[in-house]
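The values are calculated or read from the model by the stated rules, or taken from the named source; none is laboratory data. No experiment lies behind these values; they were computed from the predicted model shown. Methodologically, a virtual Cβ is constructed for each residue, glycine included, from the backbone with ideal geometry; neighbour enumeration extends over all protein chains shown.
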């Protein structure tokens, strides 16, 4: 990235200090992933599996491994560059590959925060960056997941700064990366509009060339995407059908996971108490010296906070933008000990009020397919088989552990519904209230020869029905998995 303009450097911004903090931040990122025996998030395994498929088949234009998903015939890789990042480690064991790739992706987020704060010559840039983690425990959790949003956070931080500084060539490049990296590429245009609003607040004339650069970059990224024009349709499916029309609408019959829900009021206060306190006092002290950079980060932080009130997953943007904006405001009238004192307060809140919430969560996920289990299930279900599954949450781990098999749906059940609503409803009901002859239904209506289902209370009616049905053969029972053969 281009050099950043600012005031005269202080000792805290020396080259030695800068590089020491960069190393520290990468080590912190590594620690967050080393704490996870296996990736906490099941989607991480899916992304690793896709990266492995790309090493074997090149850019994908169909996804026959989940034939009941809309992506089977209309595949569009909404996270193409993220999967490219994973390709060098895709053939490693899942735990090791995820740790290596996660260190890079999480490290990029922390280094991006540090680069903006340090480049704008705010004091104690390293402490401010750590404060982004310490002040919002949910952000620690989100930034520790091996997910594509890590690239999107880095892109959003850089794009905001580049727009504020009118670095048009770099704006064009970063904007072109958006459609290749994340499905919500329209956020680049929203960021550009908010930066120009910041310019107005600072009594400057809006810069139409920045909007043109963002638009041109987005169009370039879309046109060179190997899945154009399907990527445009997937944009609509992901942002409207899944987020707005299903998650936010509370549509029944879909389990999308907790990240689409809202924080309870107390948790919301705890997540934003320190960032908003620092940001508010910084604005109060530095308003008279305001520049476009800090006003832009503040407006965008406010926008993400409003969305986070509705959906907790947007803390991944709200927290780093809030702390970055606070650091930029405090550079005008610095209070030398404030970042250190705030860090202590944040650690106390983290350790007492929210006791190790993110770290405990990251260590809780068991290995769904340890080597012995992977070998056992892989020996029972031959390559090429269609497998009937009870849910979608473990599909990524299934794909990674059992390559060359076909499963029901990955990523999101809405993609199943979007392709075939009638068959989706049939699947949804069969696994919860199995009718008589469920084995024949699985075999004839879904073309599956095998069932691989978690030992969960929700699926017990189906497991009981399969156990009692003539012609269905139980092959494996473990505390987590049940395998049946339904070949006539």
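Within segment 26-70, the set of residues being surrounded by fewer than 17 Cβ atoms within 10 Å (Cβ to Cβ) and free of Cβ contacts under 8 Å to residues at least 60 places away in the same chain comprises 27, 31, 55, 56, 57, 58, 62.
Okay, residues lined up against (1) within 23 Å of residue 50 (Cα to Cα); (2) buried (at least 20 other Cβ atoms within 10 Å of the Cβ):
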{"site": "409", "(1), (2)": "yes, yes"}
{"site": "415", "(1), (2)": "yes, yes"}
{"site": "422", "(1), (2)": "no, no"}
{"site": "439", "(1), (2)": "no, yes"}
{"site": "442", "(1), (2)": "no, yes"}
{"site": "445", "(1), (2)": "no, no"}
{"site": "448", "(1), (2)": "yes, yes"}
{"site": "455", "(1), (2)": "no, no"}
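Would a scan of segment 376-388 turn up a residue that is assigned to a helix (DSSP H, G or I), at pLDDT 85 or above and either within 21 Å of residue 259 (Cα to Cα) or touching a helix residue (DSSP H, G or I) at 6+ places or on another chain (Cβ under 9 Å) (or both)? Yes - at least one qualifying residue is present in segment 376-388.
Select, from 81, 100, 86, the only residue that is touching a helix residue (DSSP H, G or I) at 6+ places or on another chain (Cβ under 7 Å), crowded, with 24+ Cβ neighbours inside 10 Å and at pLDDT 95 or above. After applying the criteria, what remains is 86.
Scanning segment 409-434 for residues that are assigned to a helix (DSSP H, G or I), closer than 18 Å to residue 452 by Cβ and modelled with pLDDT under 90 yields 413, 416.
Taken across segment 321-331, residues that are under 20 Å from residue 114 (Cβ atoms), part of a helix (DSSP H, G or I) and modelled with pLDDT under 85 do not occur at all.
Note on segment 443-480: residues that are without any contact (Cβ under 8 Å) to a residue 24 or more places away in the chain and in a strand (DSSP E or B) amount to 3. Of all residues in segment 193-209, those that are in a helix (DSSP H, G or I), in contact (Cβ under 8 Å) with a residue 12 or more places away in the chain and surrounded by fewer than 24 Cβ atoms within 10 Å (Cβ to Cβ) total 7.
Rundown of residues vs (1) more than 21 Å from residue 183 (Cα to Cα); (2) in a helix (DSSP H, G or I); (3) more than 19 Å from the chain's Cα centre (by Cα); (4) not assigned by TED's automatic domain parsing to the domain that holds residue 299, yes/no style:
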| position | (1), (2), (3), (4) |
| --- | --- |
| 99 | yes, yes, no, no |
| 102 | no, yes, no, no |
| 107 | yes, yes, no, no |
| 123 | yes, no, yes, no |
| 128 | yes, yes, yes, no |
| 131 | yes, yes, yes, no |
| 134 | yes, yes, yes, no |
| 150 | no, yes, no, no |
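Residue by residue through segment 210-224, note down the ones that are crowded, with 17+ Cβ neighbours inside 10 Å and more than 23 Å from residue 298 (Cα to Cα). Those that are crowded, with 17+ Cβ neighbours inside 10 Å and more than 23 Å from residue 298 (Cα to Cα): 217, 218, 220, 221, 222. Annotation note: of 259, 241, the sole residue that is modelled with pLDDT under 85, assigned to a helix (DSSP H, G or I), in contact with a helix residue (DSSP H, G or I) (Cβ under 8 Å, 6 or more places away or on another chain) and over 25 Å from residue 139 (Cβ atoms) is 241. When 429, 482 are checked against the criterion of being surrounded by fewer than 20 Cβ atoms within 10 Å (Cβ to Cβ) and within 34 Å of the chain's Cα centre (by Cα), 429 stands alone in meeting it. Within segment 274-312, if we keep just the residues that are surrounded by fewer than 19 Cβ atoms within 10 Å (Cβ to Cβ) and over 22 Å from residue 331 (Cβ atoms), the residue that is nearest to the chain's Cα centre (by Cα) turns out to be 311.
Mind checking which residues of segment 164-179 are closer than 19 Å to residue 197 by Cβ and crowded, with 23+ Cβ neighbours inside 10 Å? Selection gives 164, 171, 175.
With the structure loaded, tell me whether residue 117 is assigned by TED's automatic domain parsing to the domain that holds residue 214 and over 17 Å from residue 218 (Cβ atoms) or whether it fails that test. Here the answer is yes, as residue 117 does meet what is asked.
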